[in-house]
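The values are calculated or read from the model by the stated rules, or taken from the named source; none is laboratory data. Keep in mind that what you see is a predicted model, and the values were worked out from it rather than measured. Here the Cβ positions follow ideal geometry from the backbone for every residue, glycine too, while neighbour counts run over all protein chains shown.
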Amino acid sequence: MRRVAIGGILHETNAFDSRQTTLEAFLHQSFFAGHSLLDRLCGSPTPVGGMLQGLDKAGYRAVPLVYAAAMPSGLVAKDTYRGLLTKLLNRLRRAMPVDGVLLALHGAMVAEGEDDCEGDLLERVRAVVGPDCPVVCTLDMHGNVSSRMVDMADVLVAYNTNPHLDTIERGLEAADVLRRILDDGLQTASALVRPPLILSALATWTEQPPLHPVHQHAQEIRQDPHVVNVSILGGFAYADTAFTGMSVLVSTDGDPELAQRLAQQLAETAWNHRDAATFVGLSVSEAVRKALDALEGPVILADVGDNIGGGSPGDGTVLLRALVEAGARDAVVVLADPQAVDQAVKAGVGATRTMLVGGKSDTWHGEPIKVRGTIERLTDGHYAIEGASHFAAFYGREVDMGRCAVLRCNGLRILLTERKTPPGDLAQLLSQGIAPGDQRIIVVKSPVAFRGAYAPIAADIVVVDTPGLCTADLRRLEYTKVKRPAFPIDRDVEWP
């Protein structure tokens, strides 16, 4: 029976967040080693869950290494990255010899002193297994792909959708590519093309340009029997590296010229639709007025700048302040504020208190706001994901928001959480006694990922140009390493 090592380290790193990501973040979110990886991720809606299904179907034995994932945040501490990498490599060495390696990576992980964590990890894995052992990886479609990553892996398989609802399928695909290499003698050749295009998180929705036309084109290309995989990566604009930005990766059955030609075609399709990347959303005042004037709800206000799924703190107060000042009713805002939660817990359900909420993490997302409200509910913050979730790779099925408090301030509810938690599933609100479909206005701290859960119930979705670590207007960020010129930071760019 063939033996395949399986594991991964995932982090989406926001270089503009001054707070480091330490080992505690991984241990809290997802850290499994050895057989606990199999126990926890088998059947899970993660890339590894799909890989395990694929290995079982092929009749292979999975040899578990380490799986570690943390929510997007600031630079990973050097000792944290090195420690996780060492654990994975040590288990791989003990498992040798293996017939192949399957890894779930992100593609936009940056650590102190290492801008290309995935390239570094793959290079070190390759050094252990040798040049002839196939290595196949999944990537988040927000990965920034380096040439080193392409050189060190046989095939890289990126998610196709944003929201990321195809993680299991991509894990299955990666496992099948590995099977074809091992059982069918498949020889692969890959080509990477990076147009000078840096997309904000808002511009990476795969149902709209600039990426939607590229995916339509890719569907035609995939019909070619010589094409093994097509991966279209929107990139992660908030990781400031020399290879940050959109990329196209095509793998063929040993034909490098075909791979290069097709990757170039797809990259040019994206470039032809680049003007869509300039959209930043409505101003706060316009967005709130539109929500208040709506005849029915819920109207979803997408707080783009405080995008938890992109590394922001989730305590931005800009939209909350606007809603309070406008006297909004039947509105819900979620804030990550452990200090306010602690105050609410000490006061107890039914108590009325005046407190400062939000705006405590940094100066990017608004000032704390003084509110007075009644504590309606206190919970432990645990809930199970009910549907397909963009954040399955981090959570699996179980989410822990930390202790939570629901504060009613006249007609507006504020859900206070100890831990920042992205709006990937309606169960987040339902678990706190809030029925999303009954609200007039819901603020979600996300530009795209929320759509999988909230689009089906929304009367309207309004994208808001809020300030923050994940601003849609990339000209507000002070890049030091990104290759310039790059559209839309620079508007006068010629390519190819």
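Laid out as a table, the results:
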item: Verdict on Glu114 being touching a Phe, Trp or Tyr at 6+ places or on another chain (Cβ under 7 Å), surrounded by fewer than 23 Cβ atoms within 10 Å (Cβ to Cβ), charged (D, E, K, R) and closer than 30 Å to Met246 by Cβ; result: yes
item: Answer residue from region 320-334, given it is surrounded by 14 or more Cβ atoms within 10 Å (Cβ to Cβ) and touching a Lys or Arg at 6+ places or on another chain (Cβ under 9 Å) and is farthest from Gly373 (Cα to Cα) among those; result: Ala326
item: Subset of region 150-180 [assigned to a helix (DSSP H, G or I) and farther than 17 Å from Leu10 by Cα]; result: Val150, Asp151, Met152, Glu169, Leu172, Glu173, Ala175, Asp176, Val177, Leu178, Arg179, Arg180
item: Filter result (polar (S, T, N, Q), surrounded by fewer than 23 Cβ atoms within 10 Å (Cβ to Cβ) and either part of a helix (DSSP H, G or I) or touching a Phe, Trp or Tyr at 6+ places or on another chain (Cβ under 8 Å) (or both)) within region 12-29; result: Gln29
item: Residue pairs meeting the criteria (Cβ under 6 Å; at least 6 apart or on separate chains; first closer than 27 Å to Asp400 by Cβ, in region 68-95; second among the hydrophobic types (A, V, I, L, M, F, W, C) and surrounded by fewer than 20 Cβ atoms within 10 Å (Cβ to Cβ)); result: Thr80/Leu23
item: Counted residues, region 126-156 - those being in contact with a Cys (Cβ under 7 Å, 6 or more places away or on another chain) and either within 28 Å of Val448 (Cα to Cα) or among the hydroxyl-bearing types (Ser, Thr, Tyr) (or both); result: 1
item: Residue that is farthest from Arg413 (Cα to Cα) [pool: residues in region 361-383 that are surrounded by fewer than 17 Cβ atoms within 10 Å (Cβ to Cβ), in contact with a Ser or Thr (Cβ under 8 Å, 6 or more places away or on another chain) and without any contact (Cβ under 8 Å) to a residue 40 or more places away in the chain]; result: Lys370
item: Scan of region 229-277 for residues that are farther than 26 Å from Gly310 by Cα and of a type in the set (Lys, Arg), ordered by number; result: Arg261
item: Answer from Asp240, Asp253 - the residue that is of a type in the set (Asp, Glu) and either closer than 23 Å to Ala153 by Cβ or in contact with a strand residue (DSSP E or B) (Cβ under 6 Å, 6 or more places away or on another chain) (or both); result: Asp253
item: Among the candidates Met152, Met141, residue that is without any contact (Cβ under 8 Å) to a residue 40 or more places away in the chain, within 22 Å of Ala259 (Cβ to Cβ) and either of a type in the set (Gly, Ala, Ser) or in contact with a helix residue (DSSP H, G or I) (Cβ under 8 Å, 6 or more places away or on another chain) (or both); result: Met152
item: Number of the condition not met by Leu211 [criteria: (1) crowded, with 17+ Cβ neighbours inside 10 Å; (2) in contact with a Phe, Trp or Tyr (Cβ under 9 Å, 6 or more places away or on another chain); (3) under 23 Å from Lys481 (Cα atoms)]; result: (3)
item: Some residue of region 445-468 being among the hydroxyl-bearing types (Ser, Thr, Tyr), more than 25 Å from Asp166 (Cα to Cα) and touching a Leu at 6+ places or on another chain (Cβ under 7 Å); result: yes
item: Subset of region 112-146 (residues that are part of a loop (DSSP other than H, G, I, E, B) and within 20 Å of the chain's Cα centre (by Cα)); result: Asp115, Asp116, Asp140, Met141, His142, Gly143, Asn144, Val145, Ser146
item: Matching residues in region 441-479 - criterion: being surrounded by fewer than 24 Cβ atoms within 10 Å (Cβ to Cβ), basic (Lys, Arg) and touching a strand residue (DSSP E or B) at 6+ places or on another chain (Cβ under 9 Å); result: Arg451
item: Hits in region 38-57 (condition: within 16 Å of Ile168 (Cα to Cα) and either over 21 Å from the mean Cα position of the chain (by Cα) or part of a loop (DSSP other than H, G, I, E, B) (or both)); result: Leu38, Cys42, Gly43, Ser44, Pro45, Thr46, Leu52, Gln53, Gly54, Leu55, Asp56, Lys57
item: Single match in Met71, Met109 (criterion: at pLDDT below 95 and either under 22 Å from Asp151 (Cα atoms) or in a loop (DSSP other than H, G, I, E, B) (or both)); result: Met71
item: Subset of region 90-132 [among the small types (Gly, Ala, Ser) and out of contact with any His (no Cβ under 9 Å at 6 or more places or on another chain)]; result: Ala95, Gly100, Ala104, Gly113, Gly119, Ala127, Gly130
item: Filter result for Asp425 (of a type outside the set (A, V, I, L, M) and in the same structural domain as Ile375 (by TED's automatic domain parsing)); result: yes
item: Region 346-360 - residue that is touching a Lys or Arg at 6+ places or on another chain (Cβ under 8 Å) and surrounded by fewer than 16 Cβ atoms within 10 Å (Cβ to Cβ) and, of those, nearest to Asp425 (Cα to Cα); result: Val349
item: Gly235 surrounded by fewer than 19 Cβ atoms within 10 Å (Cβ to Cβ) and at positive phi; result: no
item: Entirely in region 341-392, the strands (runs of 3 or more DSSP E) that have 2 or more residues that are closer than 30 Å to Thr138 by Cβ; result: 382-384
item: Scope region 122-165; condition surrounded by fewer than 22 Cβ atoms within 10 Å (Cβ to Cβ) and at pLDDT below 95; matching residues; result: Leu165
item: Contacts under 7 angstrom Cβ, first residue in region 402-414 being closer than 17 Å to Ala336 by Cβ and at pLDDT 95 or above, partner in a strand (DSSP E or B) and polar (S, T, N, Q), 6 or more apart; result: Gly402/Thr417; Cys404/Thr379; Cys404/Thr417
